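Q: Okay, here's the structure, questions in a sec.
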Amino acid sequence: MIGIDTNILVRYLTKDDDKQSTEVLNFLNQYSGKESSIYINNIVLTEIIWVLESAYEYSKQEISKAMKLILQTPEFAFESHATIVKVLYEYEQATGVDFADILISYTNTDKECYATYSLDRKAIASGYFRNLQDVE
């Protein structure tokens, strides 16, 4: 198994640089048919969404489509595929909360945390976090 960084996924998804996109596709094709041979960690998934939103101005619908492509690629392996699928579903439905906040909440829940605290008003308002200032 190998790991890949965000910039590899950016070229894979956007194909915005012909030379680099070709290099990426040639590299990834070496693992074609080798299930779960390319590891993508949660940080990379969070970064790819941020890059697609901020640098490429992808809509939430376009991001969801790109993420589903990644999640359905048999050669790709993840920290927790089931968690990412749930987080993506929540991200598609939610307003006012970003993918990273939902992922933080779900990851902590997976690790049996009964609550996740924050000082971020937006994150608290989303319902995924509790307000640290409410702790007595």
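The values are calculated or read from the model by the stated rules, or taken from the named source; none is laboratory data. Being a predicted model, the structure only gives us computed values, none of them experimental. Reconstructed Cβ throughout: ideal geometry from the backbone, glycine too, with neighbour counts over all protein chains shown. The area values use the complete protein model at the heavy-atom level, side chains included, leaving out ligands, DNA and RNA. Shrake-Rupley method; radii C 1.70, N 1.55, O 1.52, S 1.80 Å.
Q: Can you give the calculated 222 nm mean residue ellipticity of the chain, where each DSSP H run of n ≥ 4 adds -39,500 (n - 2.57) and the sum is split over every residue, rounded to the nearest 500 deg cm²/dmol?
A: -17000 deg cm²/dmol
Q: Taking trypsin sites (Lys or Arg not before Pro) that fall in a DSSP loop and have at most 16 other Cβ atoms within 10 Å as cut points, what is the longest piece of the chain between them?
A: 35-110
Q: List every residue whose amide H lies under 5 Å from the amide H of Asn41, counting only residues 5 or more places away in sequence or on a different chain, with H placed 1.01 Å from N in the peptide plane.
A: HN-HN under 5 Å from Asn41: Ile4.
Q: With θ set to phi - 60°, apply the Karplus curve 6.51 cos²θ - 1.76 cosθ + 1.60 along segment 96-111 and write out the HN-Hα couplings as whole Hz, x wherever there is a Gly or Pro.
A: x, 9, 9, 4, 4, 5, 5, 5, 4, 4, 5, 4, 5, 5, 4, 8
Q: Run through segment 33-129 and list the chymotrypsin sites (Phe, Trp or Tyr not before Pro) located in a DSSP loop whose Cβ has at most 16 other Cβ atoms within 10 Å.
A: The qualifying sites are Tyr56, Tyr114.
Q: A follow-up question, please. Per 0.36 nm of contour for each residue apart, how much would the distance between Glu53 and Leu69 grow if the chain were fully extended, relative to their Cα-Cα spacing?
A: Additional length available on full extension: 4.1 nm.
Q: Please turn the phi angles of segment 33-50 into ³J(HN,Hα) values with the Karplus equation 6.51 cos²θ - 1.76 cosθ + 1.60 (θ = phi - 60°), one per residue in order, whole Hz, x for glycine and proline.
A: These are the phi-based 3J(HN,Hα) values: x, 9, 4, 6, 9, 10, 8, 10, 7, 5, 5, 4, 4, 5, 5, 4, 5, 4 Hz.
Q: Please list, in chain and number order, the residues 5+ apart from Ser36 or on another chain whose amide H is under 5 Å from its amide H, with Hs placed from the backbone.
A: Here the answer is Glu75, Phe76, since their amide H atoms fall under 5 Å of that of Ser36.
Q: Can you pull out the GluC sites (Glu not before Pro) in segment 29-64 whose DSSP state is coil and whose Cβ has at most 15 other Cβ atoms within 10 Å?
A: Qualifying residues, ordered by number: Glu35, Glu57.
Q: In a Debye calculation with equal point scatterers on the alpha-carbon sites of the chain and no solvent, what is log10 I(q)/I(0) at q = 0.11, 0.20 Å⁻¹?
A: Relative scattering, expressed as log10 I(q)/I(0), comes to -0.45, -1.20.
Q: Based only on Cα atoms, what mean projected area does the convex hull of segment 29-100 have, in nm²?
A: So the Cα hull casts an average projection of 4.9 nm².
Q: Give me the distance between the Cα centres of segment 47-65 and segment 6-43, rounded to whole Å.
A: Measuring centre to centre over Cα atoms gives 17 Å.
Q: Next question. Keeping all protein chains in place, calculate the accessible area per residue for the chain (probe 1.4 angstrom), answer in Å².
A: Per residue, the chain has 61 Å² of solvent-accessible surface.
Q: Right, here's the next one. Quick one: Kirkwood hydrodynamic radius for segment 67-136, alpha-carbon pairs, angstrom, one decimal?
A: So the Kirkwood estimate lands at 13.1 Å.
Q: Would you kindly state how much longer the chain becomes between Glu136 and Ala82 on full extension, computed as 0.36 nm times their sequence separation minus their alpha carbon distance, in nm to one decimal?
A: Full extension from Glu136 to Ala82 adds 16.0 nm.
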